[in-house]
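Here's the structure, in structure tokens; my notes come after.
The values are calculated or read from the model by the stated rules, or taken from the named source; none is laboratory data. In this text, all values refer to a predicted model and were calculated from it rather than measured experimentally. Note that we place each Cβ from the backbone using ideal geometry, even for glycine, and neighbour counts take in every protein chain shown. Protein only, heavy atoms only, side chains kept; ligands, DNA and RNA dropped before computing areas. Shrake-Rupley method; radii C 1.70, N 1.55, O 1.52, S 1.80 Å.
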Amino acid sequence: MTTPALLAHQVPLVIDGAATGWILVSTALVLMMTLPGLALFYGGMVRKKNIISTIAHSTAALMVVTVLWFIVGYSLSFGTGGSATNGFIGGVQALFLNGVTIETAHSLAPALPEYLWIAYQLTFAIITPALIAGAFAERMKFSASLLFFGLWHLIVYAPICHQVWGGGWLGSWGVLDFAGGAVVHVNAGVAGLVCALVLGPRHGFGRDNMAPSNLAYTAIGTGLLFVGWMGFNAGSAWAADGIAAVAALNTIIAPAAAALGWMVIEWIDQKRPTLLGLLSGLVGGLVAVTPAAGFVDPKGAFLIGLIGGPACYAGAVWLKRALKYDDSLDAFGIHGVGGVVGAVLTGVFATASINALSEGADVVKQLLGLAAVIAWSAVGTFIVLMICRFTTGLRVDREGEVEGLDYSQHGETLH
């Protein structure tokens, strides 16, 4: 009997039980970030007539991306095949997870069963397009969102994931992104900004009261995101070790510092602190520390948070006010700005005393990597939106938007 030949990205599994146990837990934690975490976080920030539709977007991202990841997304993101395009996109050898067995591991994580590696990386692929929904909330057709999530996963997420994490040219060149500052947050934030600009503002934007309908939902969602982020950042060590431990501590320190920084700026600017501001500051700090979590010590994480909080306030409040675009739930202001700040500061504060890979930290490399991700995301997102516009259409009609997407798109209401 002969064992099946390994695919180009595979190695024989030499399992680490502790690492496997930790990544099993981390997979559950990151999955929780999308549903119910992000669903409640975003759902509480829209008007009551759009809560159901907003939660439906997170649910849709989960189901569409999971199916595509199984069919082709994993292979495009983390597969290889020896072709000239492998610096930009993976191969197709693992379509439908063909060739994956309980005895194989990905070469990037040889101590983890490949099935677990696939599941863990899937949770990142799910939440990234779900984040974009914050920019087009309260006005995109549900049919358009389904098509958008699917096309965006294949055209934008999978190539960028491969380029940074899957053995592509950005990762090989030395761009550092521990847990998704560029792959997840900058990618989603830039896509959100493109969506907001292409769709245009909601009817009544700048005139009607569009205040959050239920900050309790948003607070609960923030708590779920915060806890889930432990799996997001500490799980990205792919082991139960010292790097995972420092990443976990950094994931607590940075958002606390960011929320404090946001609160001070908001108190000066608005004459009072708000709960929404505190929650937004926490999430901004979590975003900012994501690319750096396993590369910096706690002092670096504290400074990243302290800088990231006010920077996200500037993006979510001042920039949006000045340019008058309608990024409904601040997908760009929090995730785009926070991700850029965190990625740049990773090049400043990364230290080899925490992670040997920090030896190659370089601000110029981080900036050029960000430029590549921003360009790919912006162009790819625009192409996807144009496909949606000329097939499903993008926006609900004026009557349906005024009535609320809960009823006009789903025939349901929140009593």
Inset, instruction - Determine whether the stretch 397-405 contains at least one residue that is under 15 Å from Val194 (Cα atoms), surrounded by fewer than 16 Cβ atoms within 10 Å (Cβ to Cβ) and of a type in the set (Lys, Arg). - result: no
Inset, instruction - Return only the number of the condition from (1) closer than 27 Å to Val363 by Cβ; (2) aromatic (Phe, Trp, Tyr); (3) part of a helix (DSSP H, G or I) that Phe178 does not satisfy. - result: (3)
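If a residue has to be of a type outside the set (Ser, Thr, Tyr) and buried (at least 19 other Cβ atoms within 10 Å of the Cβ) to count, how many in the stretch 213-225 make the cut? Full working, then the answer.
Let us first name the residues in the stretch 213-225 that are of a type outside the set (Ser, Thr, Tyr), namely 214-216, 219-221, 223-225.
Next, only the ones that are buried (at least 19 other Cβ atoms within 10 Å of the Cβ) stay: 221, 224-225.
Number satisfying all stated conditions: 3.
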Inset, instruction - Mind checking which helices (runs of 4 or more DSSP H) fall wholly inside the stretch 328-415 and carry at least 3 residues that are within 17 Å of the chain's Cα centre (by Cα) and either modelled with pLDDT of 95 or more or farther than 28 Å from Trp152 by Cα (or both)? - result: 337-349, 363-389
Legend entry - Residues that are open to solvent by less than 50 Å² (accessible area, probe 1.4 Å), hydrophobic (A, V, I, L, M, F, W, C) and farther than 30 Å from Gly369 by Cβ, drawn from the stretch 187-210: Met210
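Could you list, in sequence order, all residues of the stretch 382-412 that are acidic (Asp, Glu) and out of contact with any Asp or Glu (no Cβ under 8 Å at 6 or more places or on another chain)?
Initial filter on the stretch 382-412 (acidic (Asp, Glu)): 397, 399, 401, 403, 406, 412.
Within the stretch 382-412, Asp397, Glu399, Glu403 qualify.
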Legend entry - Residues within the stretch 236-253 that are open to solvent by 60 Å² or more (accessible area, probe 1.4 Å) and not small (Gly, Ala, Ser), tallied: 4
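Would a scan of the stretch 270-290 turn up a residue that is without any contact (Cβ under 8 Å) to a residue 12 or more places away in the chain, assigned to a helix (DSSP H, G or I) and surrounded by fewer than 18 Cβ atoms within 10 Å (Cβ to Cβ)?
yes
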Inset, instruction - Please indicate, with yes or no, whether at least one residue in the stretch 120-143 is under 17 Å from Cys388 (Cβ atoms), open to solvent by 10 Å² or more (accessible area, probe 1.4 Å) and assigned to a helix (DSSP H, G or I). - result: yes
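Can you tell me which residues in the stretch 75-84 are part of a loop (DSSP other than H, G, I, E, B) and either at pLDDT 95 or above or touching a Gly at 6+ places or on another chain (Cβ under 9 Å) (or both)?
Residues of the stretch 75-84 part of a loop (DSSP other than H, G, I, E, B): 79-84.
Across the stretch 75-84, the qualifying residues are Gly79, Thr80, Gly81, Gly82, Ser83.
Going by the conditions given, is Ala248 among the small types (Gly, Ala, Ser), under 23 Å from Ile304 (Cβ atoms) and in a helix (DSSP H, G or I)?
yes
Every residue, every condition in (1) in contact with a helix residue (DSSP H, G or I) (Cβ under 8 Å, 6 or more places away or on another chain); (2) within 30 Å of Arg139 (Cβ to Cβ); (3) of a type outside the set (Phe, Trp, Tyr); (4) buried (at least 18 other Cβ atoms within 10 Å of the Cβ), yes or no:
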{"position": "Ala316", "(1), (2), (3), (4)": "yes, yes, yes, yes"}
{"position": "Gly333", "(1), (2), (3), (4)": "yes, yes, yes, yes"}
{"position": "Val337", "(1), (2), (3), (4)": "yes, yes, yes, yes"}
{"position": "Leu345", "(1), (2), (3), (4)": "yes, no, yes, yes"}
{"position": "Phe349", "(1), (2), (3), (4)": "yes, no, no, yes"}
Inset, instruction - Starting from the stretch 102-114, keep only residues that are over 18 Å from Cys161 (Cα atoms), then list their pairs with residues that are charged (D, E, K, R) and part of a loop (DSSP other than H, G, I, E, B) whose Cβ atoms are within a distance under 6 Å, requiring at least 6 positions of separation or different chains. - result: Ala111/Asp16
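Taking the criterion of being in contact with a helix residue (DSSP H, G or I) (Cβ under 6 Å, 6 or more places away or on another chain) and aromatic (Phe, Trp, Tyr), would at least one residue in the stretch 13-22 satisfy it?
Scanning the stretch 13-22 turns up no residue that is in contact with a helix residue (DSSP H, G or I) (Cβ under 6 Å, 6 or more places away or on another chain) and aromatic (Phe, Trp, Tyr).
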Legend entry - Residue identified as open to solvent by less than 20 Å² (accessible area, probe 1.4 Å) and among the small types (Gly, Ala, Ser) among Ser353, Ser358, Ser408: Ser358
Inset, instruction - Kindly check whether there is at least one residue in the stretch 156-163 that is free of Cβ contacts under 8 Å to residues at least 12 places away in the same chain and either of a type in the set (Gly, Ala, Ser) or surrounded by fewer than 24 Cβ atoms within 10 Å (Cβ to Cβ) (or both). - result: no
